[in-house]
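The values are calculated or read from the model by the stated rules, or taken from the named source; none is laboratory data. Computed from a predicted model, the values in this text were never measured in an experiment. In this analysis, Cβ positions are derived from the backbone assuming ideal geometry, glycine residues included, and neighbour counts consider all displayed protein chains.
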Amino acid sequence: MLLQRDWPFSDVEEKKAQNMVRQGARPSFDAEVWNSQNSIDIALKEAMIMCHEQGPSNRATARQIETYLKGQYQVLASNTIT
């Protein structure tokens, strides 16, 4: 919803979407978002990809996502202050 302007799997019945995710399906990105060179889009897309790992041991924790996004924010903020 954040980048796509639509909920993931919005065109699929809820139970079917849940099964799809269990089997490894992940929401797709619009080409515009996937190919974006906007630093904010890139950071948010990367955070979502980190959350989409199938295996729990490979999936980022909420704390890791927080740390990543805070780091990206600091980089972006320092680039706009110049």
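Taking the range 45-73 as the region of interest, how many residues are β-branched (Val, Ile, Thr) and outside any helix (DSSP H, G or I)?
Number satisfying all stated conditions: 1.
Which of the residues spanning the range 30-82 are surrounded by 12 or more Cβ atoms within 10 Å (Cβ to Cβ), within 13 Å of Leu3 (Cα to Cα) and charged (D, E, K, R)?
Those that are surrounded by 12 or more Cβ atoms within 10 Å (Cβ to Cβ), within 13 Å of Leu3 (Cα to Cα) and charged (D, E, K, R): Asp30, Asp41, Lys45, Glu46.
State all residues of the range 1-29 that are of a type in the set (Ser, Thr, Tyr) and either surrounded by 11 or more Cβ atoms within 10 Å (Cβ to Cβ) or in a helix (DSSP H, G or I) (or both); if no residue qualifies, say none. First the steps, then the outcome.
To start, the set of residues in the range 1-29 that are of a type in the set (Ser, Thr, Tyr) comprises 10, 28.
Of everything in the range 1-29, just one residue is of a type in the set (Ser, Thr, Tyr) and either surrounded by 11 or more Cβ atoms within 10 Å (Cβ to Cβ) or in a helix (DSSP H, G or I) (or both), namely Ser28.
State yes or no: is Gln23 at pLDDT 90 or above, within 26 Å of Leu69 (Cβ to Cβ) and not hydroxyl-bearing (Ser, Thr, Tyr)?
Values: at pLDDT 90 or above: yes; within 26 Å of Leu69 (Cβ to Cβ): no; not hydroxyl-bearing (Ser, Thr, Tyr): yes.
No.
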